[in-house]
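> What follows is a single structure, and I will ask about it in a moment.
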Amino acid sequence: MSLLNDALRAAEQRQRPSQRPVPYLGRRPGRPRRRVALLVLSLMLAAGAVVAIHLWRAPQPVAATGEVTLDVTGDDESPPSPPAEVPARISRGPQDAVAPPPAPVLPPPGPAPKPVEVTAAPVPKAPLTPPPPAAAVSAPVAEPVVSAPEPRTSVASVEPSSPPPVVKQVPRTPEARDRATGQELERLVREGRLAEAERRLSDLLARQPAPVSRAVVARALLVDGQAGAALSWLPPAVTEADPELRLLRARALLARGDLDGAVALLSHRIPPVAGHIEYRVTLATLLQQAGDSEAAAGHWTALLMADDSRAAWWVGLALALEGQGKIASAIRAYGQAAALPGLSTALADFVRERLRQLQAG
């Protein structure tokens, strides 16, 4: 309020340019417009001072946008009324008294002044990276994919494509071809197409020897009861060097009643036990049937030395020993066969009966 009083006092001094009192002449003083303007200016200065004091004492929170609008003409703050001028008494003498000048006539009140907007300066802050716009946050924009331009090739510079590499097919060996054909012939035999299997075998034999395929067809013919047809595929010149083909030819001879021929064929170039079990068992059995018990016992002994868990082989050895008159050895062989599993019911009954008879003596 001291600022307001100072402003009013300065305005009053300007209105009184001299210390000499002005006599009252009964009319309005000169320059009324200037006096009104000065009064309005003093009011505005007083209002500004009030606003400044108000802001200094109770600062308002700054909005997010940095602009603060203050209404000076609110109900809480009303512009102060100018103080009435103090009439000065001028005396020229003891008899004359001069009346004080009349109070200045104020203009009619106009519309209320508009609120003064005071914009607070934004507080400087450290430089921050401006946030991305809302559209960029809600929908991120994919980075453009820049593809390298394809090199242009002229038609004249394009060379003709090279021919595909030739893959050399290594011809199969005769043995591999024989094994593959043998598997195909077994499939035909299972399907009952034995005649077709023979035709396929004939075509293969025209180009190469095929012991595996020949054995497949010959065995199928023996099972089918065609011993003569089987012998036609097993000539002596072919079976001489192959133990499996010799065994098939011996069975074909035995099927036709030629026991001596079968024994003679199998006794020639006897293969080892390992890998030729079926060959040695057949030879030992045929020798026993032919009455050569000693040779049969030798083959059974060789088989049992390779695998002594075969009960049937012990029976064969017992028969061969009994045929030689070696009863004690035969009893031991029969007892060993009876103790092992694997005998059929008929053969097991035969072994028990022979033991009972030989032990009874």
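> Return the total of residues in segment 186-199 being assigned to a helix (DSSP H, G or I) and open to solvent by 90 Å² or more (accessible area, probe 1.4 Å). Can you show your working first?
Initial filter on segment 186-199 (assigned to a helix (DSSP H, G or I)): 186-190, 194-199.
Going one step further and asking which of them are open to solvent by 90 Å² or more (accessible area, probe 1.4 Å), we end up with 190, 199.
Count: 2.
> So how many residues does segment 168-185 have that are open to solvent by 90 Å² or more (accessible area, probe 1.4 Å) and farther than 18 Å from residue 244 by Cα?
The qualifying residues number 5.
> Next up: Would you mention how many residues in segment 286-336 are of a type in the set (Phe, Trp, Tyr) and open to solvent by 40 Å² or more (accessible area, probe 1.4 Å)? I'd like the intermediate steps shown before the answer.
Applying the first criterion (of a type in the set (Phe, Trp, Tyr)) to segment 286-336 yields 300, 313-314, 334.
Filter once more, so that each one left must be open to solvent by 40 Å² or more (accessible area, probe 1.4 Å): 314.
Summing the residues that are of a type in the set (Phe, Trp, Tyr) and open to solvent by 40 Å² or more (accessible area, probe 1.4 Å) in segment 286-336 gives 1.
> Taking segment 203-214, which residues are open to solvent by less than 60 Å² (accessible area, probe 1.4 Å) and part of a helix (DSSP H, G or I)? If you could, list the steps in order and put the result at the bottom.
At the first step, the residues of segment 203-214 found to be open to solvent by less than 60 Å² (accessible area, probe 1.4 Å) are 204-205, 208, 210-211, 213-214.
Matches in segment 203-214: 204, 205, 211, 213, 214.
> Can you tell me how many residues in segment 259-285 are under 20 Å from residue 315 (Cα atoms) and open to solvent by less than 40 Å² (accessible area, probe 1.4 Å)?
Total satisfying the criteria: 7.
> Let me ask you something else. Can you name the condition, by its number, that residue 279 falls short on among (1) of a type outside the set (Gly, Ala, Ser); (2) within 26 Å of residue 209 (Cα to Cα); (3) out of contact with any Pro (no Cβ under 6 Å at 6 or more places or on another chain)?
Failing condition for residue 279: (3).
> Has segment 332-343 got at least one residue that is in contact with a helix residue (DSSP H, G or I) (Cβ under 8 Å, 6 or more places away or on another chain), modelled with pLDDT of 95 or more and under 25 Å from residue 219 (Cα atoms)?
The answer is no; no qualifying residue exists.
> How many of the residues making up segment 242-257 are touching a helix residue (DSSP H, G or I) at 6+ places or on another chain (Cβ under 9 Å), over 16 Å from residue 182 (Cβ atoms) and outside any helix (DSSP H, G or I)? Before you say what the answer is, go through the steps one by one.
Of the residues in segment 242-257, the ones touching a helix residue (DSSP H, G or I) at 6+ places or on another chain (Cβ under 9 Å) are 242-256.
From what is left, the residues that are over 16 Å from residue 182 (Cβ atoms) are 243, 246-247, 249-256.
Remaining after also requiring outside any helix (DSSP H, G or I): 256.
The number of residues fulfilling the criteria is 1.
> Kindly establish whether residue 269 is touching a helix residue (DSSP H, G or I) at 6+ places or on another chain (Cβ under 6 Å) and either farther than 21 Å from residue 327 by Cβ or not basic (Lys, Arg) (or both).
Details: touching a helix residue (DSSP H, G or I) at 6+ places or on another chain (Cβ under 6 Å): no; either farther than 21 Å from residue 327 by Cβ or not basic (Lys, Arg) (or both): yes.
So residue 269 fails the test.
> Quickly run through segment 215-251 and pick out the residues that are of a type in the set (Lys, Arg) and open to solvent by 20 Å² or more (accessible area, probe 1.4 Å).
Scanning segment 215-251 gives 219, 249, 251.
The values are calculated or read from the model by the stated rules, or taken from the named source; none is laboratory data. If you're wondering where the values come from, they're calculated on a predicted model, not measured in any experiment. When we count neighbours, we look across all protein chains shown, and the Cβ atoms used for this are built from the backbone with ideal geometry, even at glycine. These accessible areas exclude ligands, DNA and RNA; they are computed on the full protein's heavy atoms, side chains included. Shrake-Rupley method; radii C 1.70, N 1.55, O 1.52, S 1.80 Å.
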